[in-house]
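The values are calculated or read from the model by the stated rules, or taken from the named source; none is laboratory data. Worth saying up front: this structure is predicted, and the values here are computed from it rather than measured. Glycine also receives a Cβ, built like all others from the backbone with ideal geometry; neighbour counts cover every protein chain displayed. Quick note on the areas: whole protein, heavy atoms, side chains included, nothing else; ligands and nucleic acids left out. Shrake-Rupley method; radii C 1.70, N 1.55, O 1.52, S 1.80 Å.
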Amino acid sequence: MTLFTSDRCAVVAEIGINHNGDLDLALEMIRKAKAAGCDAVKFQKRTVDVVYTADELERPRKSPLGETNGDLKRGLEFGQAGYEKIRAFCADLGIAWFASPWDEASVDFLTALDVPYLKIASASITDVGLIEHCARSGVPLLVSTGMCDLSMVRAAVGVIEAAGGKIACLYHCTSTYPSLPEEINLSGIATLKSAFPHLRIGYSGHEDGILPSILAVAHGSVSVERHFTLDRSMWGSDQAASIDPEQMAAMVAGIRLAETCRGDGVLQIYPRERPVMEKLRRKDTLEPV
């Protein structure tokens, strides 16, 4: 399943770890994302013992999943059976799914599940070994650019393309949670379009509300990704920076309206203008050139 087949903006609901390790909750989130009009859902995949040190995993951290940070991190991960259910559920609903791998083993795990994309998170864009491994997987890549200046983005794109990778979309992103209006910098979409004219440019937002995500489409974004939750008051580190089903549905509707308003750029006299023209113009002696 491809997200980029027309001028229609592809909307991605990032479920991430907002499922809190509950597969039934994850499936319900997928259902709600589809009902809101999303084109895809995204998860995060980690090999816990690779991504985190033993000391970090042993650190005390109380959560609904246990007493240590390791209990939390392991509890948030789905294994083979869980992702098989996610894959089948998404296929039945007609919505794409993929994930951000945080280590090389997770790349291989997701590739074996035939995901249509791998998403390189902003936190991983400077991990050359990981992004080369993603590139060599043969799976098209979605790449977020938070915590990067343009020279860093150029370097990452160069590494990916030198390794034979295909970037399906490069996402303008600010990695603050939530992002302040002065940090969002939607003009960065045009900067990326100019710097990488051969690539599609999208927007991954972390702002309060939905207006910047809608405005991103007017700035030329071909995809919008937002963190998604069923309830922003739920336990979890990403819930408060997410949008709920009602907000997601409103955002998708706003994006579709923005696409209609954007038009094709051809200046013309619309049929509904002609009666107004005939009524209001005193003379029509201008010769078109």
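What shape does segment 37-168 have by the C-alpha gyration tensor, where a ≥ b ≥ c are the square roots of the eigenvalues, rounded means a/c under 1.5, and otherwise prolate means a/b greater than b/c and oblate the rest? Can you show the working numbers first?
Values: a/c = 1.97, a/b = 1.19, b/c = 1.66.
Oblate.
Among 213-220, 281-288, what's the highest-first ranking by average C-beta atoms within 10 angstrom per residue? All intermediate terms of the calculation are to be shown ahead of the outcome.
Values: 213-220: 21.2, 281-288: 5.9.
The packing order, highest mean first, is 213-220, 281-288.
Heavy-atom accessible area of CYS134 with all protein chains present, probe 1.4 Å, nearest 10 Å²?
That residue has around 0 Å² of solvent-accessible surface.
Using the basic label-point model (7 angstrom from Cα toward the beta carbon), what is the ARG31 to ALA105 distance in nanometres?
3.3 nm
Given a Förster distance of 35 angstrom, what is the FRET efficiency for MET234 paired with GLU273, based on the Cβ-Cβ distance and rounded to 0.05? The partial results should precede the final answer.
Numbers: r = 50 Å, r/R0 = 1.43.
After rounding, the FRET efficiency stands at 0.10.
In nm, to one decimal, how far is the modelled label at ALA253 from the one at SER187, with both set 7 Å along Cα→Cβ?
Result for the modelled spin labels: 3.3 nm.
PRE reach from ASP55 (point 7 Å along Cα→Cβ): which of segment 67-91 fall under 16 Å by backbone N?
Residues passing the 16 Å test: 69-70.
In whole angstrom, how far apart do the alpha carbon centroids of segment 121-190 and segment 72-116 sit?
One Cα centre to the other: 21 Å.
Roughly to the nearest percent, how much of the accessible area of the chain is carbon and sulfur, given a 1.4 Å probe?
For the chain, the apolar C and S fraction of the accessible surface comes to 54 percent.
Let a ≥ b ≥ c be the square roots of the eigenvalues of the Cα gyration tensor of the chain; is it rounded (a/c under 1.5), or, if not, prolate (a/b larger than b/c) or oblate? Let's see the in-between values first.
Values: a/c = 2.21, a/b = 1.77, b/c = 1.25.
It is prolate, given that a/c is not under 1.5 and a/b is the larger ratio.
Counting pairs of alpha carbon atoms under 8 Å apart in space and at least six apart in sequence, what relative contact order in percent does segment 1-128 give?
26 percent
For GLU246, tell me the accessible area in Å² from a 1.4 Å probe, rounded to the nearest 10.
150 Å²
May I ask you to give the solvent-accessible area per residue for the chain, in square angstrom, as obtained with a 1.4 angstrom probe?
Numbers: 14310 Å² over 289 residues.
The answer is 50 Å² per residue.
Under the 0.36 nm per residue contour assumption, what length would be gained going from the current alpha-carbon distance of ARG282 and ALA88 to full extension? Spell out each step's value before the answer.
Values: separation 194, 0.36 × 194 = 69.84 nm, distance 6.49 nm.
Taking ARG282 through ALA88 to full extension adds about 63.3 nm, to one decimal.
How large is the helix-only mean residue ellipticity at 222 nm for the chain, computed as the sum of -39500 (n - 2.57) over DSSP H runs with n ≥ 4, divided by its residue count, in deg cm²/dmol to the nearest 500?
Taken over the chain, the calculation gives -12000 deg cm²/dmol.
Would you mind telling me the antiparallel percentage of the DSSP bridges in the chain, rounded to 5? Don't skip to the end; give the middle numbers.
Values: 2 of 34 bridges.
Roughly 5 percent of the DSSP beta bridges within the chain come out antiparallel.
Given a cut-off of 19 Å, name the pairs among LYS45/LYS119; LYS73/LYS166; LYS32/LYS85 whose C-alpha atoms lie farther apart than that in the structure shown.
On the way: LYS45/LYS119 10 Å; LYS73/LYS166 31 Å; LYS32/LYS85 16 Å.
Among LYS45/LYS119; LYS73/LYS166; LYS32/LYS85, the Cα-Cα distance tops 19 Å for LYS73/LYS166.
Starting from the Kirkwood Rh over alpha-carbon pairs, what translational D in µm² s⁻¹ does segment 104-168 have by Stokes-Einstein at 37 °C and 0.692 mPa s? Mind showing how you got there, number by number?
Working: Rh = 11.6 Å.
Estimated diffusion coefficient is 284 µm²/s.
Suppose we take every Cα in segment 1-63 and form the convex hull; what volume per residue is that in Å³?
In segment 1-63, the Cα hull volume divided by residue count equals 122 Å³.
Which value, to two decimals, describes the C-alpha radius of gyration of segment 130-289 once divided by 2.2 N^0.38 Å?
Working: Rg = 20.7 Å, N = 160, 2.2 N^0.38 = 15.1 Å.
In units of the 2.2 N^0.38 Å rule of thumb, it is 1.37.
Using per-residue counts of other Cβ atoms within 10 Å, averaged over each peptide, order 60-68, 264-272 from highest down. Can you show the working numbers first?
Working: 60-68: 13.8, 264-272: 6.6.
Going from most to least packed, we get 60-68, 264-272.
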